[in-house]
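The values are calculated or read from the model by the stated rules, or taken from the named source; none is laboratory data. None of the values given here were measured: they were computed from a predicted structure. All Cβ positions, glycine included, derive from the backbone under ideal geometry; neighbour counts span all protein chains shown.
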């Protein structure tokens, strides 16, 4: 059985310092070349995109496939607490849960990371010490991003210095919507540099504020050109967060970006994904859009808090045949 | 691509008995491209439908045997299992059914529109209530994926009955005069590609306008029409208003030629359509014909590429391409040909071909051995004429009738695969340079049923759509159906319109 289907080049990590991969370096040379490139990307037909996402949402994932998907989804969760009321105690509890999500079943995988504000990074780092769980920190004046670059970079440096493995930055949506793409690009490259070699950078677009799918596609390419390791839908702090359609669109973007540059970029939908059923729909999108190269928590994450407990309850149901209740998973 | 050995399949099929639930389980749906995330089988249960070992003709409200006692078998194209044995209508049965319909016409047409509407609304609701059963039945008899019968066929069937039920008491406001009259007995012959949906397209407007019906379903897919007969009984529809005559072409020909038939409606091949036109020429019978097509799907260089790829796939691989309005010719602007083809091939590699009852199956079985042979021979001709063939690398099940999603590149207007209707999962890819060339090539066919335009430029959509000689032009979408929208062809794709307000005209004396 031979196929002449196009084969994608081997993935390689994003360039360590910010900036576009060689194949597209001329694109980012100036504001006008960047604008021309982003506006030259194929348009997105909203009806068609949403129809495709909805149709993949009808896949029926049962038995062994469901078990695989649930464990994969657990391992992809960035267990998140981003509240003004966060305390060291809350963060420690979160860390413990990330390391061992189901105290009654040691076979349940650990989550990918915990995600906290910069001032909680050190506490989180301690809480997950010795495990595979990473510490991600939102930075750059999250969630609004309305601060000077100097303040944003200080925010990032502090989080990295405290041991953050991953930085979740927000783009300047104001600059983006004003058409000031170069400013957004420069900020991302500066943050990428501040992340240094140790921290991976997730770039949050706040898709609900960008509003159109054309904007989301342009933002995705802008982020990847600037050196994002991950592109992320949203902060979870606005009305519209991750949806199957905007995540599908971003998956198409990372797929096309790798085909063009050889650089693989991860995707993180965040906010609003609360049930196992939802999470599995997103994994189907990954599977059928970019394939198994992204079916790994190095390349795909869920930004979520309440999702984990539903995944654990469904996992227990599959194992025992009985529905458990909220009293059989930990509430933190 | 590996072709499995297909010997002995006919012998196996004849020993299988109706209702044998295990047979379908051997066909596994899987995508061409393997992945760590492998979907477990998710078959829809067959237990929701109870197929009897034999069925009669439905005449005057009763199931009866054929006058000459002939029967034929209907098989599941996915497994070749015999599903049931069906009475085969002959000339005498046609006469009996037409007489029953004629007798029922007097009282049915005299009912106030609101009363006829009650029956149609009741039928629509029963179809909704029984939609899972009917979807499984249709998938078994036709071979199309349950995903399609569940999400497309059955919802549209119910919608058609609801829609025309609404017209029944408003006919004087439809624009066909103050008191439009029905024609009498409608003789209707429908194809196997959308058995129940085509039945709905035919029967719903006929009954709403006060006609009575004799309908002949295709010989490979008689079951859903017979279940519909049961729905009519359940709805309390008066005897003789709907008569169902399963059978072959001879029964269809007798029905069309019957002197007491006042209206002929046919959906099927252009060749048979021409025969029908000859038969009814010189009579007072009113005719609508919905025939073949070779739809052009035109993709401009400023198209939304990812959605265009979905539209192309939906246009030609929906129902295994066995769709009269399929977008079987892809006209792509030369400047994006390679990029689009790469995307298209990658997408086709993710299609899941296999057990039509599996809820994750995208591509089901070809409806019959005859159709498979026709597709195979046209594809061979395409290769012989020098077009370059590419088929999605998927494994075909051992039993049943299967054809992998296929496309031809390097096709010109001179190739047979660009001119003849293949009626299968085969796409011919042609290129163009300018909008004028696209229009010229799209129109350069004896058919004129459907076309698609893909561009982000609204003015171009309007300009090109106005120049296309096709009954339906979709822009930035394909194969979208709605009961409110008229459907029909130009040129050899037929005449008359079905659906919408326009669809009433064919059944009214105007």
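Couple of notes before you dig in:
- Candidates B:187, B:177, filtered to the one that is over 19 Å from residue B:323 (Cβ atoms), in contact with a helix residue (DSSP H, G or I) (Cβ under 7 Å, 6 or more places away or on another chain) and either in contact (Cβ under 8 Å) with a residue 12 or more places away in the chain or part of a loop (DSSP other than H, G, I, E, B) (or both): B:187
- Any helices (runs of 4 or more DSSP H) falling wholly within the range B:420-510 and containing at least 1 residues that are over 26 Å from the mean Cα position of the chain (by Cα) and over 21 Å from residue B:292 (Cβ atoms): B:435-443, B:458-467
- Qualifying residue in the range B:168-191 (condition: surrounded by fewer than 24 Cβ atoms within 10 Å (Cβ to Cβ) and within 19 Å of the chain's Cα centre (by Cα)): yes
- Taking the range A:137-201 as the region of interest, the helices (runs of 4 or more DSSP H) fully inside it that hold 2 or more residues being closer than 23 Å to residue A:26 by Cα are A:173-177, A:181-195.
- In the range A:60-76, the qualifying residues are those that are buried (at least 21 other Cβ atoms within 10 Å of the Cβ) and in a loop (DSSP other than H, G, I, E, B), and the one that is farthest from the chain's Cα centre (by Cα) is A:61.
- Residue list for the range B:29-61, restricted to those being touching a residue at least 40 places away in the same chain (Cβ under 8 Å), more than 14 Å from chain A (Cβ to nearest Cβ) and not in a loop (DSSP other than H, G, I, E, B): B:46, B:48, B:55, B:57, B:58, B:59
- Residue within the range B:368-377 that is more than 14 Å from every other protein chain (Cβ to nearest Cβ) and assigned to a loop (DSSP other than H, G, I, E, B) present: yes
- Qualifying residue in the range B:436-444 (condition: assigned by TED's automatic domain parsing to the domain that holds residue B:308, surrounded by 15 or more Cβ atoms within 10 Å (Cβ to Cβ) and touching a helix residue (DSSP H, G or I) at 6+ places or on another chain (Cβ under 6 Å)): yes
- Applying the criterion of being outside any helix (DSSP H, G or I) and touching a helix residue (DSSP H, G or I) at 6+ places or on another chain (Cβ under 7 Å) to the residues of the range A:77-100, the residue that is nearest to the other protein chains (Cβ to nearest Cβ) is A:77.
Each row is one residue, and each column tells you yes or no for (1) closer than 22 Å to residue B:472 by Cα; (2) touching a helix residue (DSSP H, G or I) at 6+ places or on another chain (Cβ under 7 Å); (3) assigned by TED's automatic domain parsing to the domain that holds residue B:82.
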site	(1), (2), (3)
B:367	no, yes, no
B:371	no, no, no
B:393	no, no, no
B:401	no, yes, no
B:420	yes, yes, no
B:447	yes, yes, no
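- Scan the range B:106-145 for residues that are surrounded by 23 or more Cβ atoms within 10 Å (Cβ to Cβ), more than 30 Å from residue B:358 (Cβ to Cβ) and in contact with a strand residue (DSSP E or B) (Cβ under 7 Å, 6 or more places away or on another chain) and the total you get is 1.
- Taken over the range B:212-239, the criterion of being surrounded by 24 or more Cβ atoms within 10 Å (Cβ to Cβ), assigned to a loop (DSSP other than H, G, I, E, B) and over 21 Å from the mean Cα position of the chain (by Cα) is satisfied by no residue.
- Given (1) away from every other protein chain (no Cβ under 13 Å); (2) surrounded by 19 or more Cβ atoms within 10 Å (Cβ to Cβ); (3) touching a residue at least 60 places away in the same chain (Cβ under 8 Å); (4) within 16 Å of the chain's Cα centre (by Cα), index of the condition residue A:219 fails: (3)
- Candidates B:385, B:380, filtered to the one that is surrounded by fewer than 20 Cβ atoms within 10 Å (Cβ to Cβ), in contact (Cβ under 8 Å) with a residue 12 or more places away in the chain and either in the same structural domain as residue B:82 (by TED's automatic domain parsing) or out of contact with any strand residue (DSSP E or B) (no Cβ under 6 Å at 6 or more places or on another chain) (or both): B:385
- Residue within the range A:274-284 that is crowded, with 22+ Cβ neighbours inside 10 Å, part of a strand (DSSP E or B), within 13 Å of chain B (Cβ to nearest Cβ) and touching a strand residue (DSSP E or B) at 6+ places or on another chain (Cβ under 9 Å) present: no
- Of all residues in the range B:286-307 being out of contact with any helix residue (DSSP H, G or I) (no Cβ under 7 Å at 6 or more places or on another chain) and within 14 Å of chain A (Cβ to nearest Cβ), the one that is surrounded by the fewest Cβ atoms within 10 Å (Cβ to Cβ): B:302
- Residue count for the range A:24-42, restricted to those that are within 14 Å of chain B (Cβ to nearest Cβ) and in a loop (DSSP other than H, G, I, E, B): 3.
- Check on residue A:108, out of contact with any helix residue (DSSP H, G or I) (no Cβ under 6 Å at 6 or more places or on another chain) and within 25 Å of residue A:206 (Cα to Cα): no
- Filter result for residue B:74 (at pLDDT 95 or above and within 14 Å of another protein chain (Cβ to nearest Cβ)): no
- For residue A:205, the requirement of being closer than 26 Å to residue B:342 by Cβ and crowded, with 24+ Cβ neighbours inside 10 Å is not met.
- Unmet requirement for residue B:411, which otherwise passes all of (1) touching a strand residue (DSSP E or B) at 6+ places or on another chain (Cβ under 6 Å); (2) closer than 21 Å to residue B:446 by Cα; (3) exposed (fewer than 15 other Cβ atoms within 10 Å of the Cβ): (3)
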